[in-house]
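The values are calculated or read from the model by the stated rules, or taken from the named source; none is laboratory data. For clarity, every value in this text was computed on a predicted model and none was experimentally measured. Glycine gets a Cβ as well: all are built from the backbone with ideal geometry, and neighbour counts include every protein chain shown. SASA here: full protein model, heavy atoms, side chains in, ligands and nucleic acids out. Shrake-Rupley method; radii C 1.70, N 1.55, O 1.52, S 1.80 Å.
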Amino acid sequence: PLFDFFNNTMLLSNGVAHRQRRAPLSRAFALRVVNDLRPHIRQTVNDLIDKHYANGEMRFRDDLAAWIPARVVSDMLGISADDIPEFTRNVYQLARALSPSFTREIVPELNEAASWLTEYVENLLERRRHEPRDDLLTSYLHAVDEADVLSRIEALMQDRKSVV
């Protein structure tokens, strides 16, 4: 799974492969989608603040900043609230593969995270194919089908990349 991520992601490709892999995601993640997310992001921030307000204190990085991307991306992808902690943990783990501190000693952990994310995102995409919604994943799947240039693994890696 880690090799598939390195080999098939837009993030690490160039030229024609990069353009082909980027195009469906760009169409699905258009300016309208980003603009539509603004109120949701504000509400997410307010919810996170409200969660800690009664305590009278909040650790900015750990209690707010680290959770904003996790919550927003999870909501965009339709990830259940119960899955957010494990999903986020695996995303952050896989992101270590792109770190300057990457060493071969962490490859088993990264491979495990890549495997978990691949299966999870594959299941999300499959559910969206059978139960389309007015959301990013459904738009992405339509764009992938319309472009008809990505292999199944490339389509999966681009969607998973959107969370890494």
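Put Tyr140, Tyr53 in order of accessible area, highest first, and with a 1.4 Å probe you get Tyr53, Tyr140.
Structure remark: mean-square fluctuation, Gaussian network model of the chain, C-alpha springs under 10 Å; the largest value among Ala65, Ala97, Ala54 belongs to Ala54.
Principal-axis analysis of the Cα atoms of the chain puts helix 84-95 at an angle of about 60° to the longest axis.
Mind running the shape call on the stretch 25-116? Use the C-alpha gyration tensor, a ≥ b ≥ c as the square roots of the eigenvalues: rounded below 1.5 for a/c, prolate if a/b tops b/c, oblate otherwise. Oblate.
Between Glu109, Glu146, Glu119, the GNM of the chain built on Cα springs shorter than 10 angstrom shows Glu146 fluctuating the most.
Along the chain, the exposed loop sites are trypsin sites (Lys or Arg not before Pro) outside DSSP states H, G, I, E and B with at most 15 other Cβ atoms within 10 Å, and the longest stretch free of them is 60-132.
Among Pro69, Pro85, Pro100, the residue with the largest mean-square fluctuation in a Gaussian network model of the chain, with springs joining Cα atoms closer than 10 Å, is Pro100.
Working note: Debye formula, equal point scatterers on the alpha-carbon atoms of the chain, no solvent; log10 I(q)/I(0) at q = 0.08, 0.09, 0.12, 0.14 Å⁻¹ is -0.26, -0.33, -0.58, -0.78.
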